[in-house]
Amino acid sequence: RKEVEQDPGPFNVPEGATVAFNCTYSNSASQSFFWYRQDCRKEPKLLMSVYSSGNEDGRFTAQLNRASQYISLLIRDSKLSDSATYLCVVNGWASGTYKYIFGTGTRLKVLA
Amino acid sequence: GEEVAQTPKHLVRGEGQKAKLYCAPIKGHSYVFWYQQVLKNEFKFLISFQNENVFDETGMPKERFSAKCLPNSPCSLEIQATKLEDSAVYFCASSPSGQGTYNEQFFGPGTRLTVL
């Protein structure tokens with residue numbers, strides 16, 4: 001079982017739709033959580049840090065459920081420009097230190 | 001600078017040749033990380049530095065890979081005797097502080113290494 005798991009998709013949604021991604025992690029000692037966006041093999045760009053209380057940034061809402069060990073990302077009113085791969089990243093304890101552990105990403109295609 | 005800079009953008013090497021990649025972290029960031037991204041989006045952690053000191057090298061294939069971060073110079077990742085499976089995009093990231101809670105990493109544009 002992978003340490004951080006995501007549905008690879010692709011999720012094909014029409015413009016204006018609401019779409020949600022989940023990510024599960026196996027290490028209960030994980031400390032911090034992030035969503036990154038990656039376009040077509042370019043560098044990952046930080047979209048949001050995910051806090052226990054949940055957080056919102058415009059059309060994007062991130063939630064953390066520590067009891068069930070999952071993180072979610074909700075995108076409302078999808079735009080064509082939201083088409084990308086969304087990477088779930090967990091800062092987890094491994095080999096004696098904290099490490100960024102990446103999910104394999106969820107592909108989103110927003111269709112006109 | 002305000003962004004992580006990586007050079008070169010693309011690098012092509014024949015099997016067995018040496019490859020050297022460079023990274024300049026964001027000014028004021030103490031931590032530098034190197035990752036390898038192969039097909040299917042899998043990111044593999046290679047090594048991290050705290051200033052010029054190795055912080056965590058548990059991901060490095062030590063027999064052929066080496067890395068340095070020297071004062072007043074870009075950090076470097078060197079691969080001796082490249083193999084076909086080294087073909088990947090190598091990302092550098094920097095962080096203002098260590099891998100503790102809520103320490104976000106900022107990524108450079110990557111170097112695409114192709115080994116023929």
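Coordinate-derived values only; no laboratory data. Since the structure is predicted, the reported quantities are computational estimates derived from the model, not experimental observations. Methodologically, a virtual Cβ is constructed for each residue, glycine included, from the backbone with ideal geometry; neighbour enumeration extends over all protein chains shown.
Structural remarks
- Beta bridge orientation in the protein assembly as shown: antiparallel %, DSSP, nearest 5: 90
- Loop-located chymotrypsin sites (Phe, Trp or Tyr not before Pro) in the stretch B:27-116 (DSSP state other than H, G, I, E, B) with a sparse environment of at most 15 neighbouring Cβ atoms within 10 Å: B:102.
- Each principal axis of the Cα atoms in the stretch A:1-66 has its own extent, and those three values, largest first, are 37, 27, 21 angstrom.
- Under the combined filter of DSSP loop state and at most 10 neighbouring Cβ atoms within 10 Å, the stretch A:54-112 retains none of its chymotrypsin sites (Phe, Trp or Tyr not before Pro).
- Cut-off 12 Å between beta-carbons: net charge of the residues surrounding residue B:8, Lys and Arg +1, Asp and Glu -1: +4
- Over 32 Å (Cα to Cα) - which of A:109/B:62; A:45/B:68; A:79/B:83; A:45/B:83; A:109/B:9; A:109/B:18 fall in this group: A:109/B:62; A:79/B:83; A:109/B:18
- Our summary gives the stretch B:1-111 a relative contact order of 35 percent, counting only alpha carbon pairs under 8 angstrom and 6 or more residues apart.
- Sorted largest first, the principal axis extents computed over the alpha-carbon atoms of the stretch B:1-93 equal 36, 25, 24 Å.
- For the peptide A:88-98, the mean number of other protein chain Cβ atoms found within 10 angstrom of a residue's Cβ is 3.
- For the protein assembly as shown, taking a cut-off of 4.7 Å between Cβ atoms, the unpaired cysteines are A:40.
- With q set to 0.08, 0.10, 0.15 Å⁻¹, the log10 of I(q)/I(0) for the protein assembly as shown, from the Debye formula over equal scatterers at the Cα positions, is -0.29, -0.46, -1.01.
- The magnitude of the dipole of the protein assembly as shown, with charges of +1 and -1 set on the Cβ of Lys/Arg and Asp/Glu and taken from the Cα centre, is near 400 debye.
- Ranked for footprinting exposure by Cβ neighbours inside 10 Å, fewest first, B:12, B:89, B:4, A:13 give B:12, A:13, B:89, B:4.
- Note on the stretch A:1-15 and the stretch A:51-108: Cα centroid distance 11 Å, given to the nearest whole angstrom.
- Charge tally in the Cβ shell below 12 Å around residue B:109, where Lys, Arg are +1 and Asp, Glu are -1, residue B:109 excluded: +2
- In plain terms, the residue of B:83, B:9 with the fewest other Cβ atoms within 10 Å comes first and the most crowded comes last, giving B:9, B:83.
- Shape of chain A, Cα gyration tensor, a/c cut at 1.5: prolate
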